[in-house]
Amino acid sequence: MIFMHTIVLGGQYGDEGKGKILSYLALSDNPEIVARGGVGPNAGHEVNYNGKRYPMRMLPCGFVNEKERLLIGAGVFVNPEVFLREIELIKDLGTGGKRCGIDFRAGLITKENIERDTASENSKKIGTTKTGCGPAVSDRVNRIGKRAEDSAELKPFLTDVAKEVNGARGNVIIEGTQGFMLSVLYGTYPFCTSKDISASTIAADVGLGPKRIDDIIPVIKAYTTRVGAGHLPGEVDTETAKAKNMQEYGTVTGRPRRTSLELHFDDLRTMVMINSATQIAITKIDVRFAGNKGIRKYADLSREAKSFIEKVEHELKVPVTLIGTGPNAEDIVDRRKK
């Protein structure tokens, strides 16, 4: 049997619905491991499962599959308080915290990091989440940062994630954070996150070499949103967004998200190219096109929704294989299925 290593990452400015796609894949593809790369608790992934909402900032969204090992890679920055709170949140699913692991090399976010982030005038200008991630990244670069192995609270969870993901005998899903257009390398600098979040870096964050990756699935939304300052072509005001049921609020910050009714295909083509995308997942089809909520067969989608998906495939030259039709993990059209 051939086992797959799949990266799922954000294709826009974050808030694309990665938590929904990841939770669905965790249930449908039955991975042995879901490992998280990316930055840290400055990214929120929302999962709706069995009638309950799970706002996650540290744990991988694969927690919905009770058999999976949940790992946080060496490239991630960990806030122990947030991590332990989320373990408590999933305690009724499987073995709870006993199936969670943190790479001993992962960065540690300290109270001092959070204080510096909150007080920083530059953070206020850029519109960061004030979660301490930027200062923690800076401390690592300056070789003065602490690591997960320095935290007494995290010691029971320490592991070597690189060894675990490379030694897995089943499917592995690697979960990215934020969105590619917020990459410090390729995004809307300086209005961006504090490190690169492309597929290449996400793979390195969990210790997988590039030849070990089989599929790369960027998640995009049927429209575009972002939190904080920076580039957003076609932006509409809050009232217009509300009238179209597209006004959203950040999972971490609670701030209103800025909204554009457009997909920015020039930016998306660059995203596809740099990430070597093999498939595309689209969420919020039911929001953009009324009458599609909860649909799970492509043939049952409205003509307008199918035309939209065909346009995305034409523009990006990548197949759209996963289509979100509602907030719940199972509200998906999966075109990978024969």
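Derivation of every value follows stated rules applied to the coordinates shown; laboratory data play no part. Remember, predicted model here, so these are calculated numbers, not experimental data. Counting neighbours? That spans all protein chains shown, and the Cβs are built from the backbone with ideal geometry, glycine included.
Computed quantities for the displayed model
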| quantity | calculated |
| --- | --- |
| Packing-based exposure ordering (other Cβ within 10 Å, fewest first) of LEU71, LEU158, LEU301, LEU185 | LEU185, LEU158, LEU301, LEU71 |
| Most mobile listed residue (ALA281, ALA290, ALA199) in the chain, GNM with C-alpha springs under 10 Å | ALA290 |
| Charge dipole of the chain about the Cα centre (unit charges at C-beta), most positive-ward option of GLY134, THR118, PRO319 | PRO319 |
| Kirkwood hydrodynamic radius (C-alpha pairs) into Stokes-Einstein, region 290-338, 4 °C and 1.567 mPa s, D in µm²/s | 116 µm²/s |
| Within the chain, helix-based [θ] at 222 nm, where runs of 4 or more DSSP H residues each add -39,500 (n - 2.57), nearest 500 | -7500 deg cm²/dmol |
| Neighbour-count order for HIS5, HIS45, HIS264, HIS314, fewest beta carbons within 10 angstrom listed first | HIS314, HIS264, HIS5, HIS45 |
| Over 24 Å between alpha carbons, listed pairs LYS52/LYS293; LYS20/LYS244; LYS163/LYS221; LYS18/LYS67; LYS297/LYS317 | LYS163/LYS221 |
| Where only alpha carbons of the chain are counted, the Rg and the Dmax (Å) | 18.7, 56 |
| Residue order, fewest to most surrounding Cβ atoms within 10 angstrom, among VAL76, VAL272 | VAL272, VAL76 |
| FRET efficiency, TYR298 to SER138 (Cβ-Cβ, R0 56 Å, nearest 0.05) | 0.75 |
| Residue-by-residue Karplus 3J(HN,Hα) for region 193-202, coefficients 6.51, -1.76, 1.60, Hz, glycine and proline x | 7, 8, 8, 6, 10, 6, 4, 4, 6, 4 |
| Gyration tensor (alpha-carbon) shape descriptor, region 1-50, a/c threshold 1.5 | prolate |
| Set of aspartates and glutamates with alpha-carbon distance to LYS111 below 19 Å, sequence-local pairs under 8 removed | GLU81, GLU86, GLU121, ASP139, GLU149, ASP150, GLU153 |
| Whole-Hz ³J(HN,Hα) from phi, Karplus 6.51 cos²θ - 1.76 cosθ + 1.60, for region 155-163, glycine and proline x | 3, x, 10, 6, 7, 9, 5, 4, 5 |
| Sequence-distant residues sharing a close amide H with ILE72 (under 5 Å, placed H) | ARG36, GLY101, ILE102, ASP103 |
| Amide H within-cut-off set for THR283, under 5 Å, with H built and near neighbours excluded | ILE220, LYS221, ALA222, GLY324 |
